[in-house]
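Here's the structure, in structure tokens; my notes come after.
Taken together, the values in this text are just the output of simple stated rules run on the coordinates, not laboratory data. Keep in mind that this is a model prediction, so the values were computed, not measured. Here the Cβ positions follow ideal geometry from the backbone for every residue, glycine too, while neighbour counts run over all protein chains shown.
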Amino acid sequence: MKNVGDVGDLCTGCGTCAAMCPLESVVMRIDHDRGVYEPLVDGECDGCGVCLRVCPGVGVDFTDLNMRVFGREPDDMLMGNYEECYIAHSRDDELRYGASSGGMISQILIYLLEEGLIDGALVTRMNPERPLEPEPFIARTPSEIIESRGSKYCPVPANVALKEILEVPGRYAVVGLPCHIHGVRKAEVISRKLRERIVYHLGIVCNHTPSFRATEFLLERLGVDPGDVKSIRYRGEGWPGSLRVETESGDLLLLLPEYWGSGFGQLFMPERCRLCADHMAELSDISFADPWLKELKDEKKGRTLIIQRKNHGIIEGSDGLCEIEPIQASKVITSQIYNLYMKKKVYQRGNDLYRTVFPKIDIIDRLIALIYPQNLRIPRKLMLKYMAIYQIIVTLKARRDFLR
Ligand SMILES: Cc1cc2nc3c(=O)[nH]c(=O)nc-3n(C[C@H](O)[C@H](O)[C@H](O)COP(=O)(O)OP(=O)(O)OC[C@H]3O[C@@H](n4cnc5c(N)ncnc54)[C@H](O)[C@@H]3O)c2cc1C
């Protein structure tokens, strides 16, 4: 089997090519050395090029896609196009407690299903047979939505499930990281079926997806053999939640956010994430984030930050099921300040500089993306402290633990 196109490290592993290949010849396989998914050609290929046309890895034309989706380019460089921001949580305590933040993605999907506004939603659960692998699928019942709640901090080829949307008529919502939404939007450009059938695009704010090696690292910390894992859940049990691993022998192990949420994931960041400048899922209809705000440091149950980019009336419609309050956009920016500035100022600048100065030297791109001081306009002392001290200590500690 050979790789799709000549995409190499640019692949985001989103799975769009696998769903869109007219000959159904593309499969997503895990590259265990790198700990990421890669698309392989497994069958006939007539060189039609659809896989590359829908590939978000090779590039995303934000100007063109913003014009298609919102009819205008964004005024706000950090937020993208948006109308209102909210802070919210589901009124269903059980749902909220087991979700990532306030359970708003799941609650909205349940509302859309129950109101008959959609027939299904593209979501992701962990595979019951292979518990360390994600399983994207089309959920058609509230219980399937609940089963899929919670963030998966491993590579997810979510867009392979677009295939079912192409095959089965209906109205659908899709849930995905920025790179998944990029793939969906690019696929919609060439597929009328997808344009008509996908009626809601729910985007997850994302700094990066840790590779599978991050999960291996965490299991090693817990002293668990990967072959012994019966189930894994990365978030849940309140906010910000804990990693929970159940083993075949019945042990239940928890890893608290102080450790696994401490930035160690940066060690396992796939190459492609260092080139991504979209933190806020700017091409979604609504984006969802954790509320990393000083005033919410004592929050235990969880609340979700929401950026409404297009008003479909679903925030108002789901009001009875959720507690929703408007919030200033500046608060949303504050809650993501470090990651946002890294993406917009360091990664994006790195990309621009690379394209202009070093069009052919790949390694330079990576180095530029890694040079923090390039961002001379960082406004906050706190961020400087974080980058200069905390990040280095955490990274060294994680590296030491990993090599021990
Ligand atoms: C890899 C990753 C990185 C993130 N980085 C940030 C960040 O930097 N800052 C921040 O504020 N928030 C980040 N988040 C978002 C945050 O963890 C929550 O997803 C968000 O607050 C919504 O919470 P919720 O309770 O409303 O969602 P829930 O109701 O728990 O629903 C989550 C939904 O997302 C889907 N999903 C989960 N993981 C994935 C995945 N990897 N790929 C595709 N679909 C998935 C689930 O199937 C489910 O439908 C990240 C999430 C992920 C998965």
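Worth a mention:
- From least to most packed, judged by other beta carbons within 10 angstrom and beginning with the fewest, His182, His279 follow the order His279, His182.
- Contour minus Cα-Cα distance for Trp292 and Ile190 (0.36 nm per residue): 33.0 nm
- Cα gyration tensor shape for segment 213-257, rounded if a/c is under 1.5, else prolate or oblate: oblate
- Over 25 Å between alpha carbons, listed pairs Lys193/Lys345; Lys163/Lys344; Lys300/Lys343; Lys310/Lys331; Lys2/Lys343; Lys152/Lys343: Lys193/Lys345; Lys163/Lys344; Lys300/Lys343; Lys2/Lys343
- Centre separation in Å (Cα based) which lies between segment 253-327 and segment 119-170: 19
- The 3J(HN,Hα) values that the Karplus relation (6.51, -1.76, 1.60; θ = phi - 60°) gives for segment 301-311 are, in residue order, 8, x, 9, 10, 8, 10, 10, 8, 9, 10, 8 Hz. Gly and Pro appear as x.
- DSSP beta bridges confined to segment 115-258 are antiparallel in about 65 percent of cases.
- Taking amide H atoms as placed 1.01 Å from N in the peptide plane, the amide H of Ile286 lies under 5 Å from those of His201, Gly203, Arg309, each 5 or more residues away in sequence or on another chain.
- Amide H contacts of Gly120: Arg171, Ala173, each under 5 Å away and 5 or more positions distant or on a separate chain (H built 1.01 Å from N in the peptide plane; Pro and chain starts excluded).
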